[in-house]
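Below is one structure, written out as structure tokens; the observations come after it.
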Amino acid sequence: MGNVPTTVKHCLSYEQLIQDYPWLKRWLQEEKTITGHEYPEFVKIVEVGPRDGLQNEKEIVPTGVKIQLIDMLSGTGLPVIEATSFVSSKWVPQMADHSDVLRGIQRAPHVRYPVLTPNMQGFKDAVAAGATEVAVFGSASETFSKKNINCSIDESMLRFEEVINTAKEQQIPVRGYVSCALGCPHEGHIEPSKVSEVAKRLYAMGCYEISLGDTIGVGTPGSMLKMLQSVIEEVPAHALAVHCHDTYGQALPNILTALQMGVCVVDSAVAGLGGCPYAQGSSGNVSTEDVLYMLHGIGIETGVNLAKVIEAGDFICNALRRKTNSKVAQATGRTL
Amino acid sequence: MAAVMRLVNRRILSSAMGQKYVAYSSAAKAGVRAGQALPEKVKIVEVGPRDGLQNEKTIVPTETKIHLIDMLSATGLPVIEATSFVSPKWVPQMADQVEVMKGIGRKPGVSYPVLTPNLKGFQAALKAGASEVAIFGAASELFSKKNINCSVEESLQRFEVIMKAAKEAGVPVRGYVSCVLGCPYEGKVAPEKVAHVAKRLYSMGCYEISLGDTIGVGTPGSMIEMLEAVSKEVPVNALAVHCHDTYGQALANILVALQMGISVVDSSVAGLGGCPYAQGASGNVATEDVVYMLHGLGIQTGVDLSKLMDAGAYICRTLNRKTSSKVAQANCKL
């Protein structure tokens, strides 16, 4: 671990000393820094397969299968599993059974089960069904906001403020999402300042964590870096998460860049569930298995058992009659 | 003294405004770390026609191979590995090595290296018009024995013979080291072993050493460890990485290699070539996906991505297979 106590390491004057005398770290035989990059010791994985993943799958999944998937994931060590979405079933038929799912799952101790709540109605239904954590979904793109949730960014913020204030009263933590953080299917390029503006608003309103989503997967380590540099000026890195899509194969290098910037929460979906609604036949969410493989290979702890996640992935792929999007699962040969 | 002054400054800046300043400078620091020292230019070595096709089950007609290479020549790729002068008994896909070599249109400024596992292959390559060759060592004893039927030391001695002949003929030689991040038989491979083999090849006269993660098991952690060991023995500007995407780690591994100063990357159009050690799994990283990442980082490659995708679409149609490139899939208008 190194010769320097953690309390001293986090002291600003120590950090300054290291900056002034770069050789000091090696001399003190400090923990191994990889070419000057420091990676977090622990990364929290937020499993979004049962919600974001299934929401983007064409086949409607029976409630029993959803519950079994979540129960299997609960046994893997994953600390957060996004269970469902309290959105109108008119818009998202896949999530019509939200209350049944939330009531049906076996909640493992030390695991959190946030649910999406786009508005007050959804929030009330979620609480009635036993939700103990919720999430709201903003966008960095005006056009995307209008097309996706039928209102401008400002209007959506007002809606969320209501949800967040009510949640505060009931001591229910709220996670904020910002979609189109690295590009929009309608607007194209998104200015990093727009992302930081929306992230800042959600954080100031009371979201404990802001998940920055590369909704169409067009981001690269270059744009990820610029965007995070901008956001970190407004929201501390420890309150940020990255939600990368692998549509252009860039998810893992983007996640790596985020880790190098001090982000230590990563969203992913078991088996890479969920295609991309904007690129026919393409992949969407990055696979939890592939993320875990990389993190463990770097020596970062997650508390998650990779083999058990692969099993859960096999289960849901069998149920959906589809091949896994996870390369790790494919390579270990336990697929259809 | 400077440290003391800064401590004083920190106390002054511990107000709310100061907090923002500190946060900004930390962000700037982190940003510098994350984005530091990336090369301005990266040379892509396209191995699709050789490494890619060699690992495809369908035997590809000579004309198709030639047409693929000609399409790739038009994309701006600076190096295209054309074929392999290995015995057709071992690698039937490369049996038409001489016709391919003689049939392609050689674009000026583009290099067309060929594999030459032994002196016989080297002489045949030269006769067919090759002006650059490559030799293939391994960092794993078991892999060497199973793959080319001799120990690592014996293979290096074989290569010395080729090197001597290549020097006399004025032909540059590229060295490959396989299994640098893991071996299908031995499992973990010591970075020192990789460094040892790389050093031998470099001292023999190879102008560049390509380090291959043959079964794609590497992660940024093992990649960095290995590169730290190798770069002590071989200058970083003479190194290349050849990553396989079998576990989806290739682009992340390439990114950390770039951060360590590597500026040559091997890849295969459409991600051609499966993995012979993991049934149904992918092999080479797709050139399209690499180029997309590099361009996104502001790194120049000289490659036209849309022409590259055309070449990938062509070979996939001919092979009747789906592309392994995610960029190509995302842009597919089918």
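The values are calculated or read from the model by the stated rules, or taken from the named source; none is laboratory data. Remember, it's a predicted structure, so these values are computed and weren't measured experimentally. Virtual Cβ from ideal backbone geometry, glycine too; neighbours counted across all protein chains shown.
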Among the residues of region A:322-332, are any closer than 21 Å to A:Pro221 by Cα, facing another protein chain (nearest Cβ under 9 Å) and at pLDDT below 95? no
Do you know which residues across region A:103-149 are acidic (Asp, Glu) and touching a Pro at 6+ places or on another chain (Cβ under 6 Å)? A:Glu133
Just to be sure I understand, how many residues within region A:177-205 are among the hydroxyl-bearing types (Ser, Thr, Tyr) and closer than 22 Å to A:Cys276 by Cα? 2
Identify, please: which residue in region B:292-320 is in a loop (DSSP other than H, G, I, E, B) and at the interface with another protein chain (Cβ under 8 Å from one of its Cβ atoms) and is, among those, surrounded by the most Cβ atoms within 10 Å (Cβ to Cβ)? B:Leu297
Options A:Leu69, A:Leu73, A:Leu78; residue that is surrounded by 18 or more Cβ atoms within 10 Å (Cβ to Cβ) and part of a loop (DSSP other than H, G, I, E, B): A:Leu78
Which members of region B:190-230 meet the condition of being of a type in the set (Gly, Ala, Ser), surrounded by 24 or more Cβ atoms within 10 Å (Cβ to Cβ), without any contact (Cβ under 8 Å) to a residue 60 or more places away in the chain and part of a loop (DSSP other than H, G, I, E, B)? B:Gly218
Count, please, the residues in region A:121-146 that happen to be surrounded by fewer than 18 Cβ atoms within 10 Å (Cβ to Cβ) and either under 16 Å from A:Cys207 (Cα atoms) or under 19 Å from the mean Cα position of the chain (by Cα) (or both). 1
Name every residue in region A:186-239 that is among the small types (Gly, Ala, Ser), touching a strand residue (DSSP E or B) at 6+ places or on another chain (Cβ under 7 Å) and more than 13 Å from chain B (Cβ to nearest Cβ), in order of residue number. A:Ala199, A:Gly206, A:Ser211, A:Gly213
Checking A:Val270, A:Val265 in turn, the sole residue that is farther than 18 Å from A:Ser196 by Cα and among the β-branched types (Val, Ile, Thr) turns out to be A:Val270
A:His10 is checked against (1) within 24 Å of A:Gly299 (Cα to Cα); (2) of a type outside the set (Asp, Glu); (3) modelled with pLDDT of 90 or more; (4) surrounded by fewer than 16 Cβ atoms within 10 Å (Cβ to Cβ) and fails just one. What number does that condition carry? (3)
Check whether at least one residue in region B:236-246 is outside any helix (DSSP H, G or I), over 25 Å from B:Ala134 (Cα atoms) and touching a Gly at 6+ places or on another chain (Cβ under 7 Å), and report yes or no. no
Candidates A:Leu73, A:Leu69, A:Leu116, filtered to the one that is in contact (Cβ under 8 Å) with a residue 60 or more places away in the chain, among the hydrophobic types (A, V, I, L, M, F, W, C) and touching an Asp or Glu at 6+ places or on another chain (Cβ under 7 Å): A:Leu73
Within region B:257-291, the residues that are part of a helix (DSSP H, G or I), crowded, with 24+ Cβ neighbours inside 10 Å and not acidic (Asp, Glu) are B:Ala257, B:Gln259, B:Val269, B:Ala270, B:Gly271, B:Thr287, B:Val290, B:Val291
Consider A:Val242 against the criteria (1) within 12 Å of chain B (Cβ to nearest Cβ); (2) under 26 Å from B:Val291 (Cβ atoms); (3) surrounded by 24 or more Cβ atoms within 10 Å (Cβ to Cβ): it satisfies all of them except one. Which criterion is unmet? (1)
